[in-house]
1. When you go through (1) touching a strand residue (DSSP E or B) at 6+ places or on another chain (Cβ under 6 Å); (2) open to solvent by 10 Å² or more (accessible area, probe 1.4 Å) one by one for A:Glu301, which number turns out not to apply?
2. Out of the residues in segment A:270-293 that are within 24 Å of B:Phe296 (Cβ to Cβ) and facing chain B (nearest Cβ under 7 Å), which is most open to solvent (accessible area, probe 1.4 Å)?
3. One residue is enough: does segment B:90-108 have a residue meeting the conditions touching a residue at least 40 places away in the same chain (Cβ under 8 Å), polar (S, T, N, Q), farther than 30 Å from B:Leu239 by Cβ and crowded, with 21+ Cβ neighbours inside 10 Å?
4. Just to be sure, is B:Glu129 open to solvent by 30 Å² or more (accessible area, probe 1.4 Å), under 23 Å from B:Leu316 (Cα atoms) and more than 15 Å from the chain's Cα centre (by Cα)?
5. Is it true that some residue in segment B:32-40 is modelled with pLDDT under 95, open to solvent by 10 Å² or more (accessible area, probe 1.4 Å) and either in contact with a helix residue (DSSP H, G or I) (Cβ under 6 Å, 6 or more places away or on another chain) or not polar (S, T, N, Q) (or both)?
6. Taking the stated definitions as given, is A:Phe296 open to solvent by 10 Å² or more (accessible area, probe 1.4 Å), more than 7 Å from every other protein chain (Cβ to nearest Cβ) and either modelled with pLDDT of 95 or more or in a strand (DSSP E or B) (or both)?
7. So, B:Ala121, is that one open to solvent by less than 10 Å² (accessible area, probe 1.4 Å), under 26 Å from B:Gly217 (Cβ atoms) and free of Cβ contacts under 8 Å to residues at least 40 places away in the same chain or not?
8. Please enumerate the residues belonging to segment A:161-191 that are among the hydrophobic types (A, V, I, L, M, F, W, C) and under 27 Å from A:Glu237 (Cβ atoms).
There are 2 protein chains.
Amino acid sequence: MKKIINDPANVVEEALAGMAAAHADLINVHVDPHYIVRKDAPRPGKVGIVSGGGSGHEPLHGGFVGMGMLDAACPGAVFTSPTPDPVYEATKAVDGGAGVLYIVKNYTGDVLNFETAAELAMADGIEVESVIIDDDVAVRDSLYTAGRRGVGGTVLAEKIVGAAAERGDGLAEVKALCERVNANVRSMGMALNPCTVPHAGRPTFELGENEMEIGIGIHGEPGRERLPLEPANAIVERLLAPVVEDLPFDAGDRTLLFVNGMGGTPLIELYLAYAHAEKVLTQRGITVERRLVGNFITSLEMQGMSITLLRVDDELIELWDAPVHTPALRWRA
Amino acid sequence: MKKIINDPANVVEEALAGMAAAHADLINVHVDPHYIVRKDAPRPGKVGIVSGGGSGHEPLHGGFVGMGMLDAACPGAVFTSPTPDPVYEATKAVDGGAGVLYIVKNYTGDVLNFETAAELAMADGIEVESVIIDDDVAVRDSLYTAGRRGVGGTVLAEKIVGAAAERGDGLAEVKALCERVNANVRSMGMALNPCTVPHAGRPTFELGENEMEIGIGIHGEPGRERLPLEPANAIVERLLAPVVEDLPFDAGDRTLLFVNGMGGTPLIELYLAYAHAEKVLTQRGITVERRLVGNFITSLEMQGMSITLLRVDDELIELWDAPVHTPALRWRA
C-alpha cells in the first residue's frame, strides 16, 4: 500500500486537521466527536442542512460545508458510516430554530445512524427530517445497501437544497425539494482500477490488466458486469443508456450533466468523456443546460468515473446557479 | 494502459472539446491551432496574460483561463510543448493594445516556442514580455530543462499576475510582479507511482513496491533520490526543508502554502500533508497567511504531491484574494 499517510488509524483525524487549517475562513472542525460545521453556524431562522457518511469520498461531504450548501458534515472512518453521536452533535450545532434536514446516501449504516441521531435531536425539541438519496441505477441491493445506492446525485442535492435553505425556505419545503431532486436524478459509475482502504491495506477488489467494472459502487462494491476495456465513447454510452432509460429522460428534457471522477482519473479523461456524454444526450433531444466536471464524490484513488444526470426546471437551475462558497464548490450568481 | 480515452492521438483534442462544452460561459476553445481563450477577449486596454505548455497537467493551464487569471492558454500534446503557432495566434486573440505577458514554465521547448511566438507577435506590433518560472528546488538541469524546472509556483504566479492585469496594471508592472513572484516562490515534489502518457502506453518511470521518488518532475523526470516509503510527516519534512532553506524563508516571513496533488492522490492525503506542513512552518516561525490544497498542476494520474511556498506581502495577498472566475479556480473578494 502506497499512501501519503502516517498511521492508517489516524488518516481521517489528520486530514480533518488539514481541512481545519486550510479552510479556517469557511468552516470549523469539531473534534470528539468529529464533524465539520459552517463557520457562521447556527444561522437563526435558517433550516440546517446536514449530511455525512464514510470518509474517502472527498471532497464529499466536508468540502461542501459553507454558504449556500451544507451547514454540517459528519465524516465516519474511511468507507464507514459516522456513528449517531457526531450527527446528533452536528445537528445541535447548526440548529437555528427552523429545523434540520439530513441528506443521507442510501447505505444501511448511514440510514440507521442518521435515524438514531434524528431521534436524539427530536427528543431535544429539534425538528429533523431526512431524505435518502438513491440515484445509482447500477444495481438493486448491494454490499452495504438495501435498494439503490446513493452516489453522485447527492452532490447535486446538497447544492440545490443548500441554496433553498439559504434563501429561507422552510423545513417542509427543503425536504420536498430534496425528494424532488432525488426523484429526477440518476447515476452510474465504472472503474478501471480499485482503491485501497488505509486500514485494510489491500485493494477493495481486483480487476484484470484489460478489464473494467461497469456499475461500480463508491466503495468498490460490485457493479453490473466486468468487461474488456473499451474506448471512452463506448464506456460513456454504457453508463448513459441505463441512466437515461431509467427515469426515463425524454427528448425535450432539460438537464444538468455531471461527469465525476473517482479520485485517480486525470481531468483530461473526464473532459473527454464529458464531450461525448453531452453529444449523446443532444442527439437524443435532451438539452444539457448546466454541467459539472471533476472529482466531487470519489473513492480514494480509484480510477474511473460516474455520470449523473438531473432533470431540471427553472427553479432547480436558479438554485444551482445561486452563490455557493465552500472549500470544494464556489461560485457567484 | 487503462485510460478513459478513445484514440491516444486524439486525447487532447477530445478533452478540449469537453472543456469547451463544459465551460462555454467562461472560455472559447479555438481549434487549429488549439488555444483556450477567455470568453470576453480581447479586453481593450488590459494586458493579456498567456501561458501554456504540454497537456497532462490539468487544470493547468486551460482551467485557469478566465476573469482575474489567464487570458489564454496554449496546450501542447501530452507532456509536449505547444508549437509557436498557437501561442502566436492566442497572443493576437487576447491583445487589447496594452501588450501581452507570457508566463512560461522553464522547459527548453516551452521557452523556445514562446520566444518564437513573441518574435512573430512583435513583428505584428504587439508588445510581448516573458517571465520564466523556475521554482523547483529539486534539481538543476533535468530532462527537458536547463536550470530549474517550473512547477507549482506557476499556478500562484498566474493567479497573482492575472489579478494585477485585471486591475489595470501595465505590461512592465505585471512583468516585474511576475518576476517578484518567481523570486519568492519555491517548490518540490514527490511521487509514489508514475503515470502513463497515452501515446507512449507505458509508465514514464518505474518505482518499487515500497519506493518513492523525492524531487520528481511533473513529467516524471528523475528527482533527487529514491527512498523507501516513509510516513507522511517525514515526506512533508523532506519536501519542505529544501524549499525553506533555498530561498531561504526565515522566521517572521509571511507565506502562502500550496499543497498540490499530482493527479492520482486522494484529497484526504493532501489535507493530511497540509496539516503537517503548516505545523512545521509555524514551528519555524513562518506564518502561513493563505493556502491552496488540491490538484492544480498534475501529472496525469501520477500519485504524489508537491509543496510550494510563496513569500507574500500585503500586495501579493490582496492580489491573491482578488476575485477569480475560471473553470478550476474561482472565488469572490
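1. The single condition A:Glu301 does not satisfy is (1).
2. Ranking the qualifying residues of segment A:270-293, first place goes to A:Arg291.
3. Going through segment B:90-108, the residues touching a residue at least 40 places away in the same chain (Cβ under 8 Å) turn out to be B:90-91, B:93-107.
Still in the list and also polar (S, T, N, Q): B:91, B:106.
From what's left, farther than 30 Å from B:Leu239 by Cβ: B:91.
Of the ones still in play, those that are also crowded, with 21+ Cβ neighbours inside 10 Å are B:91.
Yes, that holds for at least one residue.
4. Yes, satisfied.
5. yes
6. Numbers: open to solvent by 10 Å² or more (accessible area, probe 1.4 Å): yes; more than 7 Å from every other protein chain (Cβ to nearest Cβ): yes; either modelled with pLDDT of 95 or more or in a strand (DSSP E or B) (or both): yes.
When the stated conditions are applied, A:Phe296 passes them.
7. Criteria not met by B:Ala121.
8. A:Val181, A:Ala183, A:Val185, A:Met188, A:Met190, A:Ala191 - these are the residues of segment A:161-191 that are among the hydrophobic types (A, V, I, L, M, F, W, C) and under 27 Å from A:Glu237 (Cβ atoms).
The values are calculated or read from the model by the stated rules, or taken from the named source; none is laboratory data. All values derive from a computational prediction rather than experimental measurement. Positions of Cβ are generated from backbone atoms using ideal geometry, with glycine treated the same way; all protein chains shown enter the neighbour counts. In case anyone asks, the SASA skips ligands and DNA or RNA and just uses the protein heavy atoms, side chains included. Shrake-Rupley method; radii C 1.70, N 1.55, O 1.52, S 1.80 Å.
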